[in-house]
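Here is the structure we will look at, set down as structure tokens.
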Amino acid sequence: MPEPAHSAQPLTATDTRPRCLASTEAVTAGDRVTVVCRGELDVGADRLQPELYDLLATSSTGVDLDLAGVGFCDCAGLNVLLDLRQEALDQGKTVTITSCGPALGRLLDLTGARELFRTEGAERAEAESRPEAPDPVPAGPEPGVDVDEELRLEVAQLRRAMRTRPSIDVARGIVMASFGLSSEDAWTVLVTASQNTNTKLHHLAEGLMGAVHGEPVAEDVRQQMAWAVAKVRETPSTPFAEPGERAGGPALGSGAGAA
């Protein structure tokens, strides 16, 4: 009996991961590799990870990232950068960010991750470039400096940044479901409300998660969230999740502390 045609078709795996919206260029200079990245580091940024790991492996001391051309970065993109840094630490190398745009800079500041990608030389150069800088400290290690303690502090900062990402991602999902926004627009709402209320992003995210369980949300946060939602709806970047949600979704935490 002839074999059915459908059973004779070869099975091929389909890569369903989101596409990467960023590109990279690498330049090797001495014992380090400079990587210039342009585009958007979002949920598809993990496609860059194998390439970044390969570039790290070709360097002697590490990688310098020029991210001035990155126009957007969310927690998924930050995760790729943190993973690259952890891999470098495991190899006894370093990863620095030599420049970045405003959007990524705000994300690094809000998550406390900026200091993880700085070098002692960069900090010293920045301090010396400030006006009316005090007389330079004599060369040589300062008494009482504990290198092990500095390393422990870096690890603690890294772990803190990694712990805050899940709550931020959950909060973005809450905003998407409550207001019918796309992932990118929900991220914009969170960052805008965080900046306008001078609230760290992970603290704001934890507050929104609490609102789902009936905890009150601060009045200024509610106002800024409403304002930010209205702004992104004026010029939506991507289609809303369901037809008819453009005019508005269910209020976040209605009856349980609206945001």
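The values are calculated or read from the model by the stated rules, or taken from the named source; none is laboratory data. Since this is a predicted model, take the numbers as computed values, not measurements. No Cβ is skipped: glycine too gets one built from the backbone with ideal geometry, and neighbour counts run over all protein chains shown. Remember, those area values only see protein heavy atoms, side chains included, never the ligands or the DNA or RNA. Shrake-Rupley method; radii C 1.70, N 1.55, O 1.52, S 1.80 Å.
Quick notes on this one:
- Calculated FRET value between Tyr53 and Arg19, using beta carbons and R₀ = 25 Å, to 0.05: 0.80
- Computed E for Ala68/Val170 - FRET, C-beta separation, R0 51 angstrom, nearest 0.05: 0.95
- Computed extension gain for Ala230 through Thr28, at 0.36 nm per residue and net of the alpha carbon distance, reaches 68.1 nm.
- Length gained when the stretch Gln86-Gln223 is fully extended (0.36 nm per residue, less Cα-Cα span): 45.5 nm
- Subtracting the Cα-Cα distance of Glu115 and His213 from their residue separation scaled by 0.36 nm leaves 31.9 nm.
- Modelled label positions at Thr98 and Gln195, each set 7 Å beyond Cα in the direction of Cβ, lie 2.6 nm from each other.
- Rolling a 1.4 Å probe over the protein heavy atoms leaves Asp109 with an accessible area of roughly 80 Å².
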